[in-house]
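Read-outs: derived from the displayed coordinates by stated rules, not from any lab. Every value quoted in this text rests on a predicted model; they were computed, and no experiment measured them. When we count neighbours, we look across all protein chains shown, and the Cβ atoms used for this are built from the backbone with ideal geometry, even at glycine.
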Amino acid sequence: MGSTLYQKLQSIEVVSMEYTAIRNIINQFAEHNDGCKVLYVMLELVHPVLQKDAVILPPKSHECEDDIHMYYQIFDAWLRYKTFANRPYSPREQVNHFIREFSPATESGNY
């Protein structure tokens, strides 16, 4: 299966030559002929959970244009990431993080 996947990824119709970084990854695994490893390395580039040294900070309200609904969606995704990264927060910690990161007073340093 890995070999078949690799052959499919190697096709220029699937990954064109203009994506040189991805083509380099595919070529890197030519000797192994393992498409599963190629996909994993490709995902490591973009997926924060797969990055070994990734530090994902909670979102800031100004990044969401102070829209509380959008902020909550992004904050909830951050909490899920922390749970998957084996760092779940208690309900009290979640509320404290939410308030601290949403409150405009934190930007000026006043609580």
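Qualifying GluC sites (Glu not before Pro) in region 2-67, where qualification requires a DSSP coil assignment and no more than 10 other C-beta atoms within 10 Å, comprise E13, E18, E31, E65. Given a Förster distance of 22 Å, report the FRET efficiency between K37 and L57 from their Cβ-Cβ distance, rounded to the nearest 0.05. For K37 and L57, the calculated efficiency is 0.15.
With the helix formula -39500 (n - 2.57) applied to DSSP H stretches of n ≥ 4, the chain reaches a computed 222 nm mean residue ellipticity of -17000 deg cm²/dmol. Shape of the chain from its Cα gyration tensor (a ≥ b ≥ c, root eigenvalues): rounded if a/c is under 1.5, otherwise prolate when a/b > b/c, or oblate? Prolate, since a/c reaches 1.5 and a/b exceeds b/c.
For region 61-108, dividing the convex hull volume of the Cα atoms by the residue count gives 72 Å³ per residue.
When you restrict to C-alpha pairs under 8 Å that are six or more residues apart and normalise by the size of the chain, the relative contact order lands at 19 percent. Counted as membrane-span-like here are DSSP H helices of the chain whose alpha-carbon atoms extend 15 Å or more along the helix's own axis and whose Kyte-Doolittle mean is 0.5 or above; these are 35-46.
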